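What follows is a set of notes on a single structure, which appears directly below.
FYI, it's all coordinate maths here, none of it is from the lab. Keep in mind the model is a prediction, meaning the values are calculated, not measured. So basically every Cβ, Gly included, is an ideal-geometry build from the backbone, and we count neighbours across all protein chains shown.
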Amino acid sequence: MAKQQTKTTRRVRIREDEPPKRFAVIMHNDEVTTMDFVVYVLENIFFKSHDLAEQIMMEVHTKGSAIVGVYDYDTAVSKALKTMRIASGKNFPLKLTWQEE
């Protein structure tokens, strides 16, 4: 006797009157991660221009942290975790967090 497959559908209701939540990704300064590496991830993961990447890197260095981008939740978490994974592979303790705007 063959098994009968059932199809499940799930309805997701999107409220048009509420804009999607946005999350700021924040990079935190440390004394080990090199400035060159910070500029590299800002250019290659956060797609910042070289000049803007250097400005953000200096803000992180002088103020202790800086917002590196504002995204939807999934993108913010993905970019932050990817950056920390790459940093960890190079033995840098770079920390990024995200918070709702």
**Item:** aspartates and glutamates with Cα under 12 Å of LYS63, excluding same-chain neighbours fewer than 8 positions away
**Value:** ASP30
**Asked** What angle, in degrees between 0 and 90 and rounded to the nearest 10, separates the Cα long axis of helix 73-89 from the longest principal axis of the Cα atoms of the chain?
**Response** 50 degrees
**Asked** Just in the range 36-87: which chymotrypsin sites (Phe, Trp or Tyr not before Pro) are loop by DSSP and have at most 14 other Cβ atoms within 10 Å?
**Response** PHE47
**Asked** How large is ³J(HN,Hα) for each residue in the range 38-48, as worked out from phi by the Karplus curve 6.51 cos²θ - 1.76 cosθ + 1.60 (θ = phi - 60°), to whole Hz, x for Gly and Pro?
**Response** 4, 4, 4, 6, 5, 6, 9, 10, 9, 6, 8
**Message:** Counting only helical runs of four or more DSSP H residues, what would the 222 nm mean residue ellipticity of the chain come to if each run contributes -39,500 (n - 2.57) and the total is spread over all its residues?
**Reply:** -13000 deg cm²/dmol
**Message:** Using each residue's phi in the range 53-66, evaluate 6.51 cos²θ - 1.76 cosθ + 1.60 at θ = phi - 60° and report the 3J(HN,Hα) Karplus result to the nearest Hz, with x for Gly and Pro.
**Reply:** 4, 5, 5, 5, 4, 5, 5, 4, 5, 8, 9, x, 6, 7
**Asked** So how far apart, in nm, are the two label points at LYS63 and ARG22 if each is 7 Å from Cα heading toward Cβ?
**Response** 1.6 nm
**Prompt:** Summing +1 for each Lys or Arg and -1 for each Asp or Glu, what net charge is found among the other residues whose Cβ lies under 15 Å from the Cβ of MET84?
**Reply:** +4
**Item:** Rounded to whole Hz, the Karplus (6.51, -1.76, 1.60) HN-Hα couplings of the range 19-33, x for glycine and proline
**Value:** x, x, 5, 10, 10, 8, 9, 10, 9, 10, 6, 9, 8, 10, 5
**Request:** For LYS90, go through the lysines and keep the ones whose alpha-carbon is under 22 Å away, minus same-chain ones fewer than eight residues off.
**Result:** LYS48, LYS79, LYS82
**Fill in**
Diffusion coefficient in µm²/s returned for the chain by Stokes-Einstein, Kirkwood Rh over C-alpha pairs, 25 °C and 0.890 mPa s, is 159 µm²/s
